[in-house]
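J.: Pasting a structure here, questions to come.
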Amino acid sequence: MLKKLISTALFTIVASLPIPVFAYSVSVTSSKEAGVGDIFVVSVLASEKDNSINAIEGAIKITNADYVNVENVSTGGSIFDLWAEYPHFDEGQSAIVFAGGSTKPLKPDNSVLFKIAVQAKSEGIVTFAPTGMAFFLANGKGTKIPDVLSTPDNVRITAQSSVGIPDEWQKIVAADKEPPAPISVSLGRNPALFGGQYFISFFTTDSRSGVAKYQVKEGNGDWNAATSPYALNDQSLGETVYVKAIDYAGNERITQFTANAAARPSGTFTTWLILGVILVAVCLFFMIARRIKKSRRNIARPGGPSV
């Protein structure tokens, strides 16, 4: 009788508590079943209901990660165009770790952050679970919102697939016949970045397979692998700069940029206003990025919370 009274009282108290409403959420969707040898695609999506954001950080934890191989991580169709930490598989954490953002405020509605191409290797249940998620408000301060609803997804791997998906990723790549979108390039100089040296910021998107890599060439020099922002070797700004974006299907887009002209006070007010807004947004984003990386280092220390 006493146990029943206690149970009833507890139920009444819990039922009277306010139900939390999560305005921010990250979810994972994928094929529910795959056969050994199949390559399937896992999509990571974000939503929020109230405020605009410009950055998200977190990880997609893979339970039973030894049952699969992570083949590729693509930002094709992503709402983000800047990455402080490009989505990649961290073997030590068995997770896809990332920190991304945008040059403009966003209100994602089940919007794609990135996609993971995964090959099934062994029979069993594999879970893809968002963890350690945080949103950053587009309020000029980068206010961190850690209360994020995370929705995982399970994939059952069998000896032979019953849904017939031999290679979902290859279908995406084969259908991509278009190069990445035109590349936006701007010149910047900030005491907080590269010791005050001139740098270029660049970004583009690819709506299908995603941008696989960037390369930069100054003048008649060689193409070098690059990430944005990129410190220029020629600080006199005398060389023409070329930026190349290559998607996973091998399609290329090259943009030519005259750094010396960009440094001169010429052009229309509107042009300079747009470039100024972009540069401020990029600088703000990488200020947030440094905060994220500092937080990651603290987490990595012995005794710190796990991701």
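We did not get these values from a lab; they are worked out from the coordinates using the rules stated. Treat the numbers as computed from the prediction; the structure is a model and nothing was measured. All Cβ positions, glycine included, derive from the backbone under ideal geometry; neighbour counts span all protein chains shown.
J.: If you take the square roots of the eigenvalues of the alpha-carbon gyration tensor of the stretch 65-154 and sort them as a ≥ b ≥ c, do you get rounded (a/c under 1.5), prolate (a/b over b/c) or oblate?
T.: prolate
J.: According to the square roots a ≥ b ≥ c of the eigenvalues of the Cα gyration tensor, what is the shape class of the stretch 125-250, taking rounded for a/c under 1.5, prolate for a/b larger than b/c otherwise, and oblate for the remainder?
T.: It is oblate, given that a/c is not under 1.5 and a/b is not larger than b/c.
J.: On each of the three principal axes of the Cα atoms of the stretch 21-175, give max minus min coordinate, whole Å, ordered largest first.
T.: Principal axes ranked by extent give 51, 31, 28 Å for the Cα atoms.
J.: To the nearest 20 debye, what charge dipole does the stretch 28-83 have about its Cα centre, counting +1 at the Cβ of each Lys and Arg and -1 at the Cβ of each Asp and Glu?
T.: 100
J.: Okay, moving on. Calculate the length of the line joining the C-alpha centroid of the stretch 64-80 to that of the stretch 86-126, in whole Å.
T.: Taking the Cα centre of each part, the stretch 64-80 and the stretch 86-126 sit 6 Å apart.
J.: If you don't mind, there's one more thing I want to ask. Determine the dipole magnitude for the stretch 150-235: charges of +1 sit on the beta-carbon of Lys and Arg, -1 on that of Asp and Glu, nothing else is charged, the reference point is the Cα centre, and the result goes in debye to the nearest 20.
T.: 100
J.: For the stretch 21-175, with only Lys/Arg (+1) and Asp/Glu (-1) charged at the beta-carbon, what is the dipole magnitude about the Cα centre, in debye rounded to 20?
T.: The calculation lands at about 360 debye.
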